[in-house]
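Any read-out appearing in this document is the output of simple, stated calculations on the displayed coordinates, not a laboratory observation. Here the structure is a predicted model, which is why all the values come from computation and not from measurement. For neighbour counting, all protein chains shown are included, and Cβ atoms are generated from backbone atoms with ideal geometry for every residue, glycine included.
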Amino acid sequence: MTNTWLQTLSHVESLIPVLGKLGREQEVKVELAGQPLMSDSVTALMTILDQYPEIDLVKTLELLTDLQSTSIRNTTVDLESLIADKDVESLFSQSVSSTVQIPVVLYGFGRIGRLVARRMCALGHTTPGMKLAAIVVRRAGDKDLKKRASLLKFDSVHGTYDGVVKADEEHSSLLINGQTVKVIYASHPSEVDYESYGINNALLVDNTGMWRDHDGLSVHLKRPGVDRVVLTAPGKQMKNVVYGVNNNDISLDDQIVSAASCTTNAITPILSVLEKEYGIESGHVETVHAYTNDQNLIDNVHKGDRRGRAASLNMVMTETGAAKAVSKAIPSLEGKLSGSAIRVPVINVSIAVLSIRLEKEVTVGQINRLLQSASSAAEFSGQIGFSEEADAVSSDFIGSTQAGVLDSLSTKVRGCQATLYVWYDNEFGYSCQVVRLMEQLAKQALSVANEVDTEPAAA
């Protein structure tokens, strides 16, 4: 066993520089069953590959090395498909190959904004077809830029960022792993002319939550240089998208889309699998949610009544729209789910309790096997995680890249009635979903750009 482990370790160490070069020089992201193979950690790569012992690592290294000699750029490569085809040339007909990158603007740089930046700029990770170009914030004093750099680098929940972050005061920029990201100071979207900063056809991600309807967010689209907008909160008068469930409904006409909420992203993929396999008659979603910045640390006036009470000392009853929002991704569940929430004194990671009545009688084993299979399939591996750990607690799921993780040992079933417990990192897991949605939008934009470039000139 030791020899096998050391052999695998040796193969993985050989993969690291190849994956790094593909990402760095060609903007090619390699995925296995929906999980990105990153070049920043041997241990992380070993953990993923250990789940797929059937993968021939020698053949993998050979194929990825061949991929380096092609002109494929700005795309995602599925490793299983590549191994099955055994021919990198077959990728040419499937990929968007372009030297163009869609600039990304993060409007707001709070919890989600910084984690999206971490995910996009992670060492060894590439986001095909797009590049972080700018961050828009309100100036918070003379030392604002240094503070922004520090908040990105050091995080009380997610630890120190494994990358190089510097503040460039002269050019009002952050240098993240050698990449220049302009910091633009503005109090309102109408104040910014992105083209004046050399930013064109940008994808803007609004992390502020200040505007949640189409009219409010349209202000961004009226600014020079912005093409599309993603809202990192539930939105009105726009498509609410849970990546992995209804992201294929997005068309080029959707200039503004919502990435829904962290809770909606956590529960919708699992509910979609259950609805397809068994049918759901009705249900209730109870969210036990970590406290957030919109609550008071100590008792004070707050527009949300109970949210004005001390967040670090109390369990706080509140509301959630996640249950109703599910139907925007799964229309067949319209009117079938209710929901409520309790904010609790933990700083991150929440759990959703799904109490649902199915159309068929099932067993614990059947539900767990179904969702375990979904968690390893390319369609849902980024969205559905599966835990069999007897000692699992909330902090174990900090940094989880999945939208939600089923606690399989807690699954309860009585006839048609099932109760499931779904852990989710309401910060980082959600941010990973946002980035996946952004990648799809960038790919759409690049496809259009390529079609324009390849159109024959008029006679």
Original post:
What percent does the relative contact order of the chain come to when contacts are Cα pairs within less than 8 Å and at least six residues apart?
Top reply: 13
Original post:
What FRET efficiency would be calculated for the residue pair Glu359, Ser81, taking the C-beta separation as r and a Förster radius of 51 Å, to the nearest 0.05?
Top reply: 0.90
Original post:
Just how far, in whole angstrom, is the stretch 173-246 from the stretch 1-37 if you go by their alpha carbon centroids?
Top reply: 33
**OP:** Could you tell me the distance between the Cα centroids of the stretch 358-409 and the stretch 102-168, to the nearest Å?
**Re:** 30
Original post:
For the pair Cys416 and Arg306, how long in nm is the line joining their label points, each one 7 Å along Cα→Cβ?
Top reply: 3.1
Original post:
Nearest 20 debye, what's the magnitude of the dipole of the chain about its Cα centre given +1 on Lys and Arg Cβ and -1 on Asp and Glu Cβ?
Top reply: 1520
Original post:
So what is the relative contact order of the stretch 139-210, in percent, for Cα pairs below 8 Å that sit 6 or more residues apart?
Top reply: 19
Original post:
What list of ³J(HN,Hα) values in whole Hz, one per residue of the stretch 152-169 in order, does the Karplus curve 6.51 cos²θ - 1.76 cosθ + 1.60 (θ = phi - 60°) give from phi, with Gly and Pro shown as x?
Top reply: 6, 6, 10, 9, 5, 8, 9, x, 6, 5, 7, x, 9, 10, 9, 9, 9, 5
Original post:
So which lysines can Lys153 reach, going by Cα to Cα under 27 Å and dropping same-chain residues fewer than 8 places off?
Top reply: Lys21, Lys29, Lys131, Lys143, Lys166, Lys182
**OP:** Using a 10 Å cut-off on Cβ atoms, rank the peptides 136-146, 195-205 from the highest mean neighbour count down.
**Re:** 195-205, 136-146
Original post:
For Val77, which sequence-distant residues (separation of 5 or more, or a different chain) have an amide H within less than 5 Å of its own amide H, given hydrogens modelled in the peptide plane?
Top reply: Lys29, Val30, Glu31
**OP:** Before rounding to the nearest 500, sum -39500 (n - 2.57) across all DSSP H runs of length at least 4 in the chain and divide by the residue total; then give [θ] at 222 nm in deg cm²/dmol.
**Re:** -10000 deg cm²/dmol
Subject >> Derived scalar couplings ³J(HN,Hα) [the stretch 324-329; Karplus, 6.51 cos²θ - 1.76 cosθ + 1.60; whole Hz; x for Gly, Pro] >> reply: 5, 5, 4, 5, 6, 9
**OP:** Take every DSSP beta bridge whose two residues both sit in the stretch 262-426, then give the antiparallel share in percent to the nearest 5.
**Re:** 65
Original post:
Given H placed on each backbone N at 1.01 Å, which residues far from Ile256 in sequence or on other chains put an amide H within less than 5 Å of it?
Top reply: Val229
**OP:** Run down the lysines and flag those whose C-alpha is under 28 Å from the C-alpha of Lys412, throwing out any fewer than 8 positions away in its chain.
**Re:** Lys276, Lys324, Lys328, Lys336, Lys360
Original post:
Using the 10 angstrom Cβ neighbour count as an exposure proxy, how do Ser387, Ser10 rank, fewest first?
Top reply: Ser10, Ser387
Original post:
Antiparallel as a % of all DSSP beta bridges within the chain, to the nearest 5?
Top reply: 45
